[in-house]
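Inspection log for the structure reproduced underneath, given as structure tokens.
The values are calculated or read from the model by the stated rules, or taken from the named source; none is laboratory data. Bear in mind the structure is a predicted one, so any value in this text is a computation, not a measurement. Using ideal geometry, Cβ is built from the backbone for each residue, glycine included, and neighbour counts are taken over all protein chains shown. Ligands, DNA and RNA are stripped out before the accessible areas are found, and what is left, the full protein with its side chains, is counted by its heavy atoms. Shrake-Rupley method; radii C 1.70, N 1.55, O 1.52, S 1.80 Å.
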Amino acid sequence: MVRMSAEERRESVIRAATTEFARGGYHGTSTEVIARRVGVSQPYLFRLFPGKKAIFLAAVERCIEDTIRTFQEASEGLHGEEALHAMGNAYTTVIEEHPERLMMQMQMYVAVKAAEEEGDHEFGESVRDGWMRLWDTVHLPLGADAAETTQFMAYGMLINCLVAMGFPADHRVWEGMYPSARATGRLEH
């Protein structure tokens, strides 16, 4: 059996944490379940990350970076409407094929609100910084038009909600979406 380096183990923790936090949220997920999924002890987990919050924020950062990369790759060399449709299609495909990414996004928004109500603004700062990097990634291919960027992001949030609620691709709620943003029907319910 090949031993993993600490960095490889950190990566496996982030992947496992994303899956577990996507399912149970920040407050509903224990570090014990994350450690068990990775196959390490909790003390070892805390040698890799200083605490649960750090693990969650690493999973948030990964989720945001994966979404940024999806948009960058989809829009490479494209501008305006071509970029919009390419990014919309790529995003819809990703959240259908990797539902844990969608659920992690939803959980991070809930965690921010809960943390801020408790006086903890670190969650919010981290997520908002990531959101702004995401915004900027979309903004330039759309011609640096604030209205277009806002509309794209708004459609994205609506897509998140519709996919999370399990609306099938042929449901009438998708009719107002531009075709590249519609669910494709790959979801199995």
(message) So VAL40 passes all but one of these: (1) surrounded by 14 or more Cβ atoms within 10 Å (Cβ to Cβ); (2) modelled with pLDDT of 95 or more. Which condition number does it fail?
(response) (2)
(message) With touching a Pro at 6+ places or on another chain (Cβ under 6 Å) and more than 24 Å from GLY166 (Cα to Cα) as the only criterion, which of ALA74, ALA58, ALA54, ALA83 stands out?
(response) ALA83
(request) Considering only the stretch 30-71, state which residues are farther than 20 Å from MET87 by Cα and either touching a Gly at 6+ places or on another chain (Cβ under 6 Å) or of a type in the set (Ser, Thr, Tyr) (or both). (result) SER30, THR31, SER41, TYR44
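Every residue, every condition in (1) open to solvent by less than 20 Å² (accessible area, probe 1.4 Å); (2) touching a helix residue (DSSP H, G or I) at 6+ places or on another chain (Cβ under 7 Å), yes or no:
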| residue | (1), (2) |
| --- | --- |
| GLY77 | no, no |
| GLU81 | no, no |
| GLY88 | yes, yes |
| THR93 | no, no |
| GLU100 | no, yes |
| MET106 | no, yes |
(request) Report, by residue number, each residue of the stretch 101-125 that is farther than 19 Å from ASN160 by Cβ and either in contact with a Lys or Arg (Cβ under 9 Å, 6 or more places away or on another chain) or small (Gly, Ala, Ser) (or both). (result) ALA115, GLY119, ASP120, GLU122
(message) So ALA83 ticks every box in (1) part of a helix (DSSP H, G or I); (2) in contact (Cβ under 8 Å) with a residue 60 or more places away in the chain but one. Which box is left unticked?
(response) (2)
(request) Give the residue, chosen from ALA58, ALA54, that is of a type in the set (Gly, Ala, Ser) and in contact with a helix residue (DSSP H, G or I) (Cβ under 7 Å, 6 or more places away or on another chain). (result) ALA58
(message) Just to be sure before I move on: is ARG47 open to solvent by 70 Å² or more (accessible area, probe 1.4 Å) and either within 28 Å of MET4 (Cα to Cα) or small (Gly, Ala, Ser) (or both) in the structure I sent?
(response) yes
(message) I'd like to verify a number: residues in the stretch 141-152 that are surrounded by 15 or more Cβ atoms within 10 Å (Cβ to Cβ) and either free of Cβ contacts under 8 Å to residues at least 24 places away in the same chain or not in a helix (DSSP H, G or I) (or both), how many?
(response) 3
(message) Please determine whether any residue of the stretch 56-65 is over 13 Å from the mean Cα position of the chain (by Cα) and closer than 30 Å to GLY143 by Cβ.
(response) no
(request) State which residue pairs qualify: first residue assigned to a loop (DSSP other than H, G, I, E, B) and inside the stretch 110-125, second residue not aromatic (Phe, Trp, Tyr) in any location, beta carbons under 9 Å apart, and separation of 6 or more residues or different chains. (result) ASP120/LYS53; ASP120/ALA114; HIS121/ALA115
